[in-house]
Amino acid sequence: MLDNKSIDPMMLAPVRPNARFMLAQPSHFIAMGFGSGLSPVAPGTAGTLFAWLAFVVMQPWMNDARWAWLLAASLPLGWWACSVTAKNMRVLDPGSVVWDEIVAFWLLLWLVMPASVLEQLAAFVLFRFFDAVKPGPVGWADALFHDVDTATDPAAWRKAGFGIMLDDLVAAGCTLLVIAVWRFFQ
């Protein structure tokens, strides 16, 4: 008889995300963007919209130091939450995990502010383009940890969580580059 430690979680059926799963552990609640990742349509876009709304709501109480601290804490917290949630869902990069979009978009907005609503919308559209289409460096970052072997690599889920976070940070960087070039030529 096999014990649970000898069973590769990827060999079991993936777990479908729902409110019960999300509320079962704090890591799931964080990784799924406080519920925004449960959107049945485009959860990454829903997570990014949540990030934008949360940014606007928090902005009156934030300054650069507070944003820096929040982002510095959100990155390792997100890595942990995304790793645990991906493992528990048995999927290396679940679509319902949107903490990566949230943190990356907060970083992006923090760096482009002050910006008009139209400029923020442009940042949103560009970020979603880079995150969804994954051109160039975003595709490279996305592919880095998609073929880890969960059966033999003890760090597989930590790698998966890091990969979940990384491609969105690269998408934010690409968006920042486009915005910087656009602002330079204005």
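Values for this structure:
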read-out: Selection within the stretch 86-104 - more than 15 Å from Asp167 (Cβ to Cβ) and in a helix (DSSP H, G or I); value: Lys87, Asn88, Met89
read-out: Qualifying positions in the stretch 44-67 - among the aliphatic types (A, V, I, L, M) and either surrounded by 13 or more Cβ atoms within 10 Å (Cβ to Cβ) or in contact (Cβ under 8 Å) with a residue 40 or more places away in the chain (or both); value: Ala46, Leu49, Ala51, Ala54, Met58, Met62
read-out: Ser83 being in contact (Cβ under 8 Å) with a residue 24 or more places away in the chain, under 26 Å from Asn18 (Cβ atoms), among the small types (Gly, Ala, Ser) and not in a helix (DSSP H, G or I); value: no
read-out: Ile102 being within 15 Å of the chain's Cα centre (by Cα), over 23 Å from Asp64 (Cβ atoms) and open to solvent by less than 60 Å² (accessible area, probe 1.4 Å); value: no
read-out: Close pairs (9 angstrom Cβ cut-off, 6 or more residues apart or separate chains): under 23 Å from Ala104 (Cα atoms) in the stretch 132-160, among the polar types (S, T, N, Q) and modelled with pLDDT of 95 or more anywhere; value: Ala132/Thr45; Trp157/Ser83; Arg158/Ser83; Lys159/Ser83; Ala160/Ser83
read-out: Any hit, the stretch 36-43, residues being modelled with pLDDT under 95, of a type in the set (Ser, Thr, Tyr), open to solvent by 30 Å² or more (accessible area, probe 1.4 Å) and farther than 30 Å from Ala180 by Cα; value: no
read-out: Any pair with Cβ under 9 angstrom, 6 or more apart, that starts in the stretch 169-184 at a residue that is in contact (Cβ under 8 Å) with a residue 60 or more places away in the chain and ends at one that is outside any helix (DSSP H, G or I) and open to solvent by less than 60 Å² (accessible area, probe 1.4 Å); value: Ala171/Lys134; Ile179/Ala115
read-out: Lone qualifier among Leu107, Leu121 - being assigned to a helix (DSSP H, G or I) and either without any contact (Cβ under 8 Å) to a residue 12 or more places away in the chain or not hydrophobic (A, V, I, L, M, F, W, C) (or both); value: Leu121
read-out: Looking only at the stretch 134-186, and only at residues there that are among the aromatic types (Phe, Trp, Tyr) and open to solvent by 40 Å² or more (accessible area, probe 1.4 Å), the one that is farthest from the chain's Cα centre (by Cα); value: Phe185
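The values are calculated or read from the model by the stated rules, or taken from the named source; none is laboratory data. On a predicted model such as this, the values are computed, not experimentally measured, just so you know. Quick reminder, even Gly has a Cβ in these numbers, built from the backbone with ideal geometry, and neighbours come from all protein chains shown. Keep in mind that these areas ignore ligands, DNA and RNA; they rest on the heavy atoms of the full protein, side chains included. Shrake-Rupley method; radii C 1.70, N 1.55, O 1.52, S 1.80 Å.
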